[in-house]
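Report on one structure; see the data block that follows.
The values are calculated or read from the model by the stated rules, or taken from the named source; none is laboratory data. Note that the structure is predicted; figures quoted are calculated from it, not measured. Cβ placement follows ideal geometry from the backbone for every residue including glycine, while neighbour counts extend to all protein chains displayed.
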Amino acid sequence: MIAKTLQIIYLEDTNYEDILLLQRELRDKRIAGEINDCLLLVSHKPVFTLGKRGKYDNLLVSIEQLKQANIPIYEVERGGDITYHGPGQLVIYPIIDLKNYKRDLRGFVDKLQNSIITLLDEHYNISAHKEDGKHTGVWVKKEKIAAIGLSLRKWVTMHGMAFNINTDLSYFDMIVPCGLVDRGVTSIKQLKGNEVNFTTILEIFAKNFCLQLGCDGKFIALENIK
């Protein structure tokens, strides 16, 4: 029986810093029991982020070049190395209390990955997979189509997953994506040869993820989170 409801908020064309601060605010409220679980689905303006294990050696351009291109870089508390966020990419930020999901972080990551793998298979005839060990995310052969980097505080999740839909992959040439020199990145647009409907994919992902969690999902406005 579906007993839980996940509040889903879509925010497009956002500044990374604004959403980072929002995530922290919502996480703290979730820890305090002031709000219920929620899922932020966003698209960002171009930005690079560096996880806890990240190395600036994996940034292939200078900080000055980034400034000239008006692309910020942030050091954040998620797992993983360096990655890019930008238009055409769906970024998935779950603010979810895993105490209600058996405190199973690995299982939660599987649910995120499975939501995208199923979407790609059933709707775009793209065969994707996940790998055991250090290579997290969703892969099409040896190219990553979705990257994962979570943080956890008192069993409440923050940060999440970046899914390349219509992403301009040329930005990844500025970095060693996720610090993996022998792997590449891809997108649905690159694999299918044309842009696909971003909103449709967003809605399918939300449905798949709720099915994975065993909960109901409801799209709401940000100000209506409770």
Exercise for the section: State yes or no: is I204 among the aliphatic types (A, V, I, L, M), in contact with a helix residue (DSSP H, G or I) (Cβ under 8 Å, 6 or more places away or on another chain), on the phi < 0 side of the Ramachandran plot and at pLDDT below 95? Expected result: no
Exercise for the section: Starting from residues that are under 22 Å from G51 (Cα atoms) and crowded, with 21+ Cβ neighbours inside 10 Å, keep the ones in segment 117-138 and report whichever is modelled with the lowest pLDDT. Expected result: T136
Practice task
Go through V196, V185, V156 for me and flag whichever is among the aliphatic types (A, V, I, L, M), over 28 Å from R24 (Cβ atoms) and touching a helix residue (DSSP H, G or I) at 6+ places or on another chain (Cβ under 6 Å).
Solution key: V196
Fill in the blank from the handout: Counted residues in segment 92-108 being surrounded by fewer than 22 Cβ atoms within 10 Å (Cβ to Cβ), touching a residue at least 24 places away in the same chain (Cβ under 8 Å) and not hydroxyl-bearing (S, T, Y) come to 7
Practice task
Report yes if some residue within segment 35-48 is more than 21 Å from Q212 (Cβ to Cβ), part of a helix (DSSP H, G or I) and modelled with pLDDT of 95 or more; otherwise report no.
Solution key: no
Handout entry: Contacts under 6 angstrom Cβ, first residue in segment 110-121 being closer than 17 Å to L98 by Cα, partner in a helix (DSSP H, G or I), 6 or more apart
Key = K111/Q212
Handout entry: Positions within segment 15-48 being surrounded by 14 or more Cβ atoms within 10 Å (Cβ to Cβ) and out of contact with any helix residue (DSSP H, G or I) (no Cβ under 9 Å at 6 or more places or on another chain), in sequence order
Key = Y16, I19, L20, Q23, R24, L26, R27, D28, K29, R30, I31
